[in-house]
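This report refers to the structure that appears directly beneath it.
What follows draws every value from the coordinates through simple rules; no lab data is involved. This one's a predicted model, so the numbers in the text were calculated from it and none came from an experiment. With ideal geometry, Cβ positions are generated from the backbone for all residues, glycine too; neighbour counts draw on all protein chains shown.
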């Protein structure tokens, strides 16, 4: 009986060791699979959080990640001028998603990238490159920012129509967007910052108001780090106004406004000093 008990103890001990070893192997094996790999010849962005509003809400899992899948929804979030592309990822990428993702991942194109990134149609198959992050609030993994998108295939029912017109109107008239910003140079802590923007189209040497231009405003400190963000849109007269409160510590700041219509990336800046009194 004693010999049987000793053998039983040895067997149980071996099973515990094997189970522990298997668990450790599994943890080590899957711990490296936190983000999709970087695929293709796209250049990885070294400072991906530049111009991302409130980057402290995100945990960067990998600077460089690639996602392939089918576009389910495209939505503009006006508060920060983010364009969110909801993607149903390919099967081999599902393991990188959190439970809160519910089988989809959002590729977020921030305002300063929208002039250069292709906006895919719903139901198209795409490849997207960007930074793999964890949103601390929603507990979801996202591709944010997404700074390159390639459309591999449109919806099966989509048709691409090509041909030539017999009418010759020539190339469309060229126009250039001009953007200006005005704000007080000095503001006490707690004071109001009234910022006025003016957008105009320069065409045939004439300036015309640029209406419905999306604007993204960012305030940065002396190190170039963002401290405040806000988005708006110009009215029919090409103007827009935002009101901010100087809640930053006394220091010198730069207010920059970005506009990206019709593939034109345009910006304008002004200096603001926040004082103690």
Approximate spin-label separation residue 76-residue 206, in nm, with each point projected 7 Å along Cα-to-Cβ: 2.6 nm
Rg/Rg_globular for the stretch 176-275, with Rg_globular taken as 2.2 N^0.38 Å and Rg from C-alpha atoms: 1.11
Length gained when the stretch residue 100-residue 155 is fully extended (0.36 nm per residue, less Cα-Cα span): 17.1 nm
Label-to-label distance, nm, for residues given as residue 59 and residue 38 (7 Å Cα→Cβ offset): 2.2 nm
Residue 176-residue 233 FRET efficiency (beta carbon distance; Förster radius 30 Å; 0.05 resolution): 0.95
Mean-position separation - Cα centroids, the stretch 208-277 and the stretch 116-157, in angstrom: 26 Å
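Can you give me the relative contact order of the stretch 55-153 as a percent, contacts being Cα pairs under 8 Å and 6 or more apart? Walk me through the intermediate numbers first.
Working: 235 pairs, mean separation 33.9, N = 99.
After rounding, I find 34 percent.
How much FRET efficiency would the formula 1/(1 + (r/R0)^6) give for residue 271 and residue 189, where r is the Cβ-Cβ distance and R0 is 25 Å, rounded to 0.05? Display every interim value, and only then the final one.
Working: r = 17 Å, r/R0 = 0.67.
Computed FRET efficiency for residue 271 and residue 189 comes out at 0.90.
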Estimated distance in nm for a label pair at residue 223 and residue 264, the labels positioned 7 Å out from Cα along Cα-to-Cβ: 3.6 nm
